[in-house]
Structure formats: C-alpha cells, structure tokens
Amino acid sequence: MKNIGNLKEFACTPDRFQGGHRLCPGCAHGMIVREVVNATDDDLVVSTATGCLEVCSAIYPYTSWDVSWLHIGFENAAAGISGAEAMYKALSRKNKLYNEDRNVKFVAFGGDGGTYDIGFQSLSGATERGHDFLYVCLDNEGYMNTGGQRSSSTPIGAHTTTSPRGRVSYGEKHRKKDLTMIMAAHGAPYVATAVPGSKHWKDLAAKAAKALSTVGPTFINALSPCTTEWKFKPEDTVEIGDLAVETCMFPLYEIEDGHKLTINYRPKNKVPVEEYLSKQGRFSHLFKPENKWLIEEIQKEVDRYWEYLQRREEAGV
Amino acid sequence: MAERYELKQKEVWDGNMAASHALRQAQVDVVAAYPITPSTPIVQNYAQFLADGYVDGEFVMVESEHSAMSACVGASAAGGRVATATSSQGYALMVEVLYQASGMRLPIVMTVVNRALASPLNIHGDHGDLYLGRDAGWIHLIANNPQEAYDMTLCAFKIAENEKVRLPVTTNQDGFLVSHTAQVVEPLDDDTAYKFIGDYKAMNPMLDTKNPQTYGAQTEEEWHFEFKASQHKALMESPAVIDEVFAEFEKLTGRKYNRVETYKLDDADVALVVMGSAYETAMVAVDKAREEGIKAGLIMPRSFRPFPYNEIAEKLKNVKAVAALDRSAPMGAMGALYNEVSGALAANGQSSIMTNYIYGLGGRDTTAQHILEVIKETEKNAKAGKRVTDLQGFINLRGPKLSFN
C-alpha cells in the first residue's frame, strides 16, 4: 500500500490525471480523481461512466488520462472494468501478460447517475462477483452533465430542473438513497465515504490507497460539491465539502467486510445544517417561512443518522 | 493449459453444442455471458468445459446481457480473445453496447441463436434479433445447420481478429430448428482447430500499461463522421478477408463456404432469397419444382453484413422473378432481404420482378410444400414478365389471406 505522506510530497506524485481538462472551474471531480489515481504506484486501468468526468477528460484527439482508460456507456462502468479485470486474470493464468513486471489495478469512476441509478445493477453485479477493483462514485447529487436533473442521490428539499421549487413545491421530495450502506450490504471488503479538499484530503487519499491494496471489490462514495448546479461560488468548493462533514450531512466513515464500521472524523461541535444549506442556491427556497419546517426535518434526520452511525460503531458488529 | 478434449471424427451435436465446442477450441480468454433460451446450452456447456478443465480462460457470469456485452468490451479492449452467446431479448438488451463494441473495433465473437422478439413473448426462432443488430457495425454470418454453426464460429474468430478487419462478428443459427436439432457434425481436433484460428493478435491492449490506451473517447461534429466512415470502410472491405478465411477453411476441411450461397441457380428463371434453416427446406422445394418443370433456384447471403450487393446482383442476372423470404416482422415496410436485394438489382440496372414473403415468425412451421407454392406464384411473375402476384405475402399465416401491394 502506498504511504500517503504530507501534502507537498503527495502533490509531487507524477500526475496520471492531467490538467487541461474541461471540468468547470471549482469542480470537485478533478480533485477526487487526482487523489485516487495517485494513491497507488501500481499501473492502472480506469473505466469511466458517461458523465461530467468522461465528457470533460477525453475529447478526441485529447485526453487527460495518463493511464489506460475505457468509456463505454452511462450504466456500465462497473461491467466494463470487470471484463478488463477478468482478462488480466486470464492472461496472468496463461502467462501471457503484457508487462510481467507491473502490477495492474482496476478503477471505475461514475457520477451518482451512473452509480446510484442507471449503473446500479452493473455495479451490484460486479461487486457480487468479487472482481478485484475500486469503484469511486463522484457524488454531486444530480445529473449535472445534462443540466442538473434529480437523481436518487439528490437530497430532500434540493431544487433541480426535474424537482424544481415552485409555487406549490419545495423541490426534491425524497430522501437521498443510502448507497454506501447498500454497497456495504454486498459484503464488499472495503466501503468508505470521502470528501475532497484541504481538511480531509488525506482521509480520501488514504482510503483510496487502502481500497486499492484490498483484494476484491471496494467502493468509495466521494461527495463532489458542484459549483454549477448547487449554486455556490467556484472558490467555495472545499468549504462546502468541509461543511457537509462538519454538519454531518455527509459523515466520513468506512465499513470493512460488510459490517465493521469506523467513523473517521467526528466534528468537535456539530454545525447546524442551516450553515450548509444556506450557502447553496439549490436550497435557498427552504429559508422561506413556509418551508422552514423542512430544515428542521433535515436536521432531525441528520441527527438520527449520526446517532445511528455512532451506535453501530460502538456495537462493533 | 487446458485439457485436450478427445473428439470423434463424427459427432452428433445440435447447433448449441457445435457452437460451444468451437468456443472451447478457440481457447477464448474471457467469456462473459448471461443465459437466455434458446442459446442457454452454449453458456451451460461452456461452464461445464470450465468445470472439467477443458477451458482455462475466465468465465464471467454477469447479471444481464447488457453487462455481458459491456464486460466483453472491457475484456476485449484489455487485450485478449473474447466471446459470448445470446438470443432475442438478451440481444435487444445488448444493442446499445453492440454499437460501442464495433465503434471501438473490438473483435468480439458472439454466437447468436436467433429467436423472435416480444411482445407477445415467444421463445422460438425467427430473425427479429438479427435484423435488430443489422446496423450495429458487426459482421453477421449465417449458419443453416449444426455443422455450419461450428464452422462459422471457427471462421468468425479468424475474420474478426484479422488486423485488416478488427470488427466484432456474430454467427447466427435458428433457435431450436438448428440450436436444438442434433445432426452429424465433423469437428476438427483441438490442435487443428486452434491452429486454424491462430494465437490472438493484440492491437492497442489496455493491459499494456506501459503504453496507456484510450477507448471510447468523445467525438463531436469534427470527428464522429470520420470515425463512423472508417468503420464502415472496414466492413465494406472485409469481404476480401472473409473470402480468404473461407478458402483456408476449405483447404483444411473440404467444406466450401461463400459469401453468397446458391442452389441450382445457374439456369433458373425463378429464384428465392432465403437464409437460415429454411434454406435447406427450400432446397427440397426447388427439387420438387424442377420435377414439375419450373426452373427454380436459391440464393442466400452467408454474410448478411457486409451485404454482398454486387455478387447477388451478378448471380441473379438472368433470373426473371425473385421472391425474397424474410423471417422477421417487417413492421411497416418490406422485409430486409427484399429491400437489400431490390437495391442490389437496381444498382446494377437489373429488373427482375421482386416480391416479398414473410414466413416462420415465432417458429411457425414452414414446409417444403409452402415454399413450393411460393415458387409457383413467383413463376407466374416470370411468365407474365410483370408482377401479377401480391407485393408482400405471408406464408402459413392463419386467418383470412393477408397481403400488401
């Protein structure tokens, strides 16, 4: 496993995801991807679901990827990487590997559309089959590549173009799907949540390193604050990610072997959810008098879930 | 190293078993598949070969056909020999990824057991799935019996993986009529079969990580057209390689295949275009017709894609009337074979009288007697020198007569 030292050292790792891509200024995807692909010294084969990352990083004749890279469709990043991994096993068994001296790791990236929704079956199948790969969900809580439609990851109350706020609507009506727990329920050896940024960069890089050195299917759900559709200033991406953790809207934890839960960060003083919500245009309508009840509901749910995580961790089962 | 499988000079195999042994002998590196009737036995047979040590590649039992073809794409791009099998609804679920496989120029081989498309649900043979994949950028080869299912599958690897082609290939056999009908098949021994196909020749493998590769990049209006045109060019130029492979196969086995197959066509006034198991039924009908003094003959595209336009036109040069028999619901048009053959004739300034018959949907029986009736109708057109029969008829359809003009 690669030792993740200090930031200066880590930042000097030869870049496998190069600049010059076309992600929005302030997009968290690039930060997450760079951390993940640089968290191992082994060679990589990467697959990417259709989405922001894919359309912005490999527009012919250019690419940002200095690793072997495959994009098939929106819903099959996990199936595609499972095929590549199977070929690696087959050629290894037949002594036909191309570079005997290199270890190869397999990573798939998908947005929440390609992971929570349309690609979920493919991810569930590849995980159940035990392929040796890391799947990273770049969770920006909506279909941002196509202009900000809702997904099953969109949090309740958020405005999206298909769950708009309106005269009689407070926006998204359903709770965010708990995909991390669903992935843990597959019995995957390692599942974790993460956020990019300055405060928790090491948590993300260490989790990626751990996942990549684990044999079997591993999953990281990385919150990816979206300046364009969450409606905050591009320079606030890191602050928004940190606030998601400090409010426990997006707690940092990991689950090993499908059951052993460890909370990786406990806010000293849990910040009220208003702090997180008020900084994003997608929630601005919740601060109208008629919608304030929903902020209270969101707070209650966040408190309940945080309590649940802590109890599960204590129980150690 | 996989165990050698001792085969007899003559085996009694159905089409599924024949295709399974061809996959085994190709020593495929990755098979990713999902079982569906009537191709399920191919997937089961392959699993058993693996369990008995006759295969040493990876067998990925995915959770859907969409993932089957997606895993095939990942595996093929990674750099090794890849195959799968499917039918009907499974084929339909794969369609999105079929286009992606061919667009990335991945030489995947898929043994298709043709079956009707729902709704209504039907597990029996017709060419609805084959026609669905018509424009997917794959080479489509047709096998009329178990021997051909075996032979075409061996040839498919050699065609697909040829560096001038590098396109995915399907081999097609009719559901149940071929897939579940046991006949004598003369297989090659394992070593000879593998030697014929040859070792897999890698091109731009992702697993050569010292030379990273990009598969599935985005192209918009500046490049998409050029990519699709070059893919089409590869298909249009693949006949040279298909012919080469068929010639080499003939040298090895004595079994001669052609991109256009014919039966008693040389002096024919009347010709039927038909592909699949019905071709053999039609041979019986042609013999009967000739006993009755009708100069009838048959023609079949062995490669449905690339479609052999000019070869078909050339062979139909002296034929007065042609009936194209399509085993797929035409849904608002003439059947695909009618359209392709009419186009081929028109392009070559030929004016045989063309009619279309729809037959055998969902496994509906089509007998030699039925086809003899079609020959007799077609002869009326030949004699009249113009079309005097319906443009589109239906063979062995129950209820009041249905036809379109």
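For segment B:48-71, taking the residues that are away from chain A (no Cβ under 14 Å) and free of Cβ contacts under 8 Å to residues at least 24 places away in the same chain, the one that is surrounded by the fewest Cβ atoms within 10 Å (Cβ to Cβ) is identified as B:A51. Take B:A22 and decide whether it is out of contact with any Lys or Arg (no Cβ under 7 Å at 6 or more places or on another chain), within 14 Å of another protein chain (Cβ to nearest Cβ) and modelled with pLDDT of 95 or more. In short, no. Taking every residue in segment A:116-137 that is more than 8 Å from chain B (Cβ to nearest Cβ) and touching a residue at least 12 places away in the same chain (Cβ under 8 Å) and pairing it with any residue that is in a loop (DSSP other than H, G, I, E, B) and hydrophobic (A, V, I, L, M, F, W, C), at least 6 positions away or on another chain, the pairs with Cβ-Cβ distances below 7 Å are A:I118/A:F74; A:G119/A:A49; A:G119/A:F74; A:T127/A:A188; A:D132/A:V215. When you go through (1) under 23 Å from B:K164 (Cβ atoms); (2) part of a helix (DSSP H, G or I) one by one for B:A282, which number turns out not to apply? Failed condition: (1).
Any residue at all in segment A:38-59 that's open to solvent by 30 Å² or more (accessible area, probe 1.4 Å), assigned to a loop (DSSP other than H, G, I, E, B) and more than 11 Å from chain B (Cβ to nearest Cβ)? Yes, segment A:38-59 contains a residue that is open to solvent by 30 Å² or more (accessible area, probe 1.4 Å), assigned to a loop (DSSP other than H, G, I, E, B) and more than 11 Å from chain B (Cβ to nearest Cβ). List pairs: first residue in segment B:92-110 and within 12 Å of chain A (Cβ to nearest Cβ) and within 24 Å of B:N16 (Cβ to Cβ), second residue at pLDDT 95 or above and not in a helix (DSSP H, G or I) anywhere in the structure, Cβ distance under 6 angstrom, at least six positions apart or on different chains. Listed pairs, sorted by first residue: B:L98/B:G133; B:L98/B:A136; B:A101/B:I108; B:A101/B:P168; B:I108/B:V82; B:I108/B:P168. Within segment B:308-318, being open to solvent by 10 Å² or more (accessible area, probe 1.4 Å) and closer than 15 Å to B:V274 by Cβ holds for one residue alone: B:K315. Restricted to segment A:99-197, the set of strands (runs of 3 or more DSSP E) holding at least 1 residues that are open to solvent by 20 Å² or more (accessible area, probe 1.4 Å) comprises A:104-111.
Looking only at segment A:242-257, residues that are open to solvent by 20 Å² or more (accessible area, probe 1.4 Å) and small (G, A, S) come to 0 in all. From the list B:G79, B:G74, the one residue that fits, being under 22 Å from B:K158 (Cα atoms), without any contact (Cβ under 8 Å) to a residue 24 or more places away in the chain and either open to solvent by less than 10 Å² (accessible area, probe 1.4 Å) or at the interface with another protein chain (Cβ under 10 Å from one of its Cβ atoms) (or both), is B:G74. The listed residues are B:F249, B:F227, and the only one of them that is open to solvent by less than 10 Å² (accessible area, probe 1.4 Å) and out of contact with any Pro (no Cβ under 9 Å at 6 or more places or on another chain) turns out to be B:F249. Here the condition is being in contact (Cβ under 8 Å) with a residue 60 or more places away in the chain and facing chain B (nearest Cβ under 7 Å); of A:R102, A:R93, it holds for A:R102 alone.
The values are calculated or read from the model by the stated rules, or taken from the named source; none is laboratory data. If you're wondering where the values come from, they're calculated on a predicted model, not measured in any experiment. Cβ sites come from the backbone with ideal geometry, for glycine too, and all protein chains shown count toward neighbours. Remember, those area values only see protein heavy atoms, side chains included, never the ligands or the DNA or RNA. Shrake-Rupley method; radii C 1.70, N 1.55, O 1.52, S 1.80 Å.
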